[in-house]
Amino acid sequence: MDSSETQELTKEHTTDHQSEKFLYHQKSHISHLSPDHSATTFLVIIREPFQWLHMLCKELNTSFVIGVVLVYGFSQGFSSSFFRVVADYYWKDVQKVQPSAVQLFIGLYYIPWLMKPIWGLLTDVFPIRGYQRRPYFVIAGVLGVASALTVAIGAKLSVLMALLCLIGVTAGVAIADVMIDACIARNSIEKPALASDMQSLCMFCSSVGALIGYSTSGMSVHHLGSQESLGVLAMPAVSLIVLGFFIYELRSNRPSEKKALEKVGGAMSGMYTTMKCPQVWQPALYMYLSLALSISTHEGQFYWFTDPKAGPAFSQEIVGAVYAIGALASIVGILIYHKLLKDYPFRNLLFCAQLLYAISGVLDLVFVLRWNLKLGIPDYFFVVTEECVSRIIARIRWMPMMVLNTKLCPVGIEGTFFALLMCIDSFGALSSKWGGGMVLHVLHVTRTDFTNLWLALLIRNLLRFATLSLIFLIPKGSQSDVMVPSDLLRKTQAMITEDEGLQLVATDEKVEP
């Protein structure tokens, strides 16, 4: 390394150090008020979140924060939670499908999420009329609207057609997710001190949206019916179309086919070089295995919840209310992470979170075996407690994984590489759904026979405990550390071309045609 490179790296290090000192001062100012402040403790608590949002808007741009709220809050949070309850009742009551088959269908929902690297490459390399982001937001919205309305108003749809429509709904959400995740990954690289804050914002918006979705899903199924309620999912998709016209993006000249292929080749080479690094592939492998080994038995439990003979026979309103309370618990989990846990090392935090996650699974087993009644605990109280505990722990377990994902992305292909990591996580979730479906099928858990459901839960819990043996794959570093080695960053930057940034229209700017 010559002297000019050394001076440049020293200058960058000094600038980053000064920036992090400023951010530390800003974040410290949020929590500490002057002694002569006359506000009560209650007002201080109310004011603190707004100060935090003001700090994020100042450091990251207000338009970026608005984009996160729209995509994570409405498109993902509300849509996914509403979809979860309504689609379960649709398969159970309208299509009358077995729970093991529904587990397979839910796994197919993840196909658009597995294609996130493809969406990332399309938006980065193949612009439409000179725009890389705007058209894809509109495409995502149109796809979501068409799919939701088709399944909602279509009379006597076949299982295959209904499945394709529901996959189309998830595809619209996944494509929009790629757009905003690229911005999050870039900001996490440029301002690592705010990486955990950005994930807190994302998860908070998602949880608030989920709270609204779960709160309204049960009532919607009761009053409109499960099939008609699926039409409500067109509203978040419409917001994506609006967002496509709201995006501020400079129009660039259409690249030649040769140049586009060169960019694809450079991105692929950069991703391959990065993934070969042990500091990258080991955490990615852990995140996949931790998701895949925790097999999902959700559909078997849902059918049991609503069965009038074998289960507690919960109504649609109760199911929606339980999930809504769980969404509130998710917000509590986010606050616990944001306030107490975001400075802990990755390995220690994820080990403790996985241990608690495995222990919390025992509550499902207690409920299915009806031991709660023997202890004198009513079904509704017990299931609400179980849902709250599991949601809090799940958030605490998931958020450091998301922060770690953003830390593993090299500059220049951060959008595509983050999409690749999220694709691996989605493949883990798909493996969990299909693995759980196979276990339910082998144990003959059907629409009316739940004799072996407890055994499926026992197998799931044992696999969760087994995941603890893989914790060595997680780095020991702090959540504010840079995970990708500097020499690897230089290699990948040499292979790729820096992508132009994306930002939403600032409040004082006009949209350019």
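I'm a student and want to see the number: the projected area of the Cα convex hull of the stretch 97-201, averaged over all directions, in nm². Please list the in-between numbers first.
On the way: hull surface 35.2 nm².
Its Cα hull, projected and averaged over all orientations, spans 8.8 nm².
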Fill in the blank from the handout: Sorted on mean Cβ neighbours within 10 Å (highest first), peptides 226-239, 86-99, 275-288 come out as 226-239, 86-99, 275-288
Practice task
Go through the stretch 209-224 residue by residue and turn each phi into a ³J(HN,Hα) via Karplus (6.51, -1.76, 1.60, θ = phi - 60°); whole Hz please, and just put x for glycine and proline.
Solution key: x, 5, 4, 5, x, 5, 5, 9, 5, x, 5, 5, 5, 5, 8, 9
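Using every Cα-Cα pair within the stretch 325-398, state what percent have a distance larger than 18 Å. Before the final figure, lay out the partial values.
Details: 1177 of 2701 pairs.
It works out to 44 percent of all Cα pairs.
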Problem - Cα extents of the stretch 48-129 along the three principal axes, largest first (Å) - result: 51, 40, 20
Fill in the blank from the handout: Whole-Hz Karplus couplings 3J(HN,Hα) for the stretch 351-366, θ = phi - 60° and coefficients 6.51, -1.76, 1.60, Gly and Pro as x, run 5, 5, 5, 5, 5, 5, 4, 5, 5, 5, x, 5, 4, 4, 5, 4
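How long are the semi-axes of the ellipsoid equivalent to the stretch 166-241, from square roots of 5 times the Cα gyration tensor eigenvalues, in whole Å, largest first?
Working: eigenvalues 189, 48, 11 Å².
The equivalent ellipsoid of the stretch 166-241 has semi-axes of 31, 15, 7 Å.
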Handout entry: Segments 355-362, 295-302, 425-432 sorted - mean Cβ within 10 Å per residue, highest first
Key = 295-302, 425-432, 355-362
Completion exercise
Sorted list, accessible surface of protein heavy atoms, 1.4 Å probe, largest first, for Thr41, Thr273, Thr62 is Thr41, Thr62, Thr273
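Of Lys116/Lys407; Lys276/Lys342; Lys92/Lys374, which ones are farther than 22 Å apart at the Cα?
Details: Lys116/Lys407 18 Å; Lys276/Lys342 28 Å; Lys92/Lys374 30 Å.
Too far apart for the 22 Å limit: Lys276/Lys342; Lys92/Lys374.
The values are calculated or read from the model by the stated rules, or taken from the named source; none is laboratory data. Note that the structure is a prediction, hence the values are computed from the model and not measured. Every residue, glycine among them, receives a Cβ derived from its backbone with ideal geometry; neighbour counts consider all protein chains shown. Heavy atoms of the whole protein, side chains included, go into the accessibility calculation; ligands, DNA and RNA do not. Shrake-Rupley method; radii C 1.70, N 1.55, O 1.52, S 1.80 Å.
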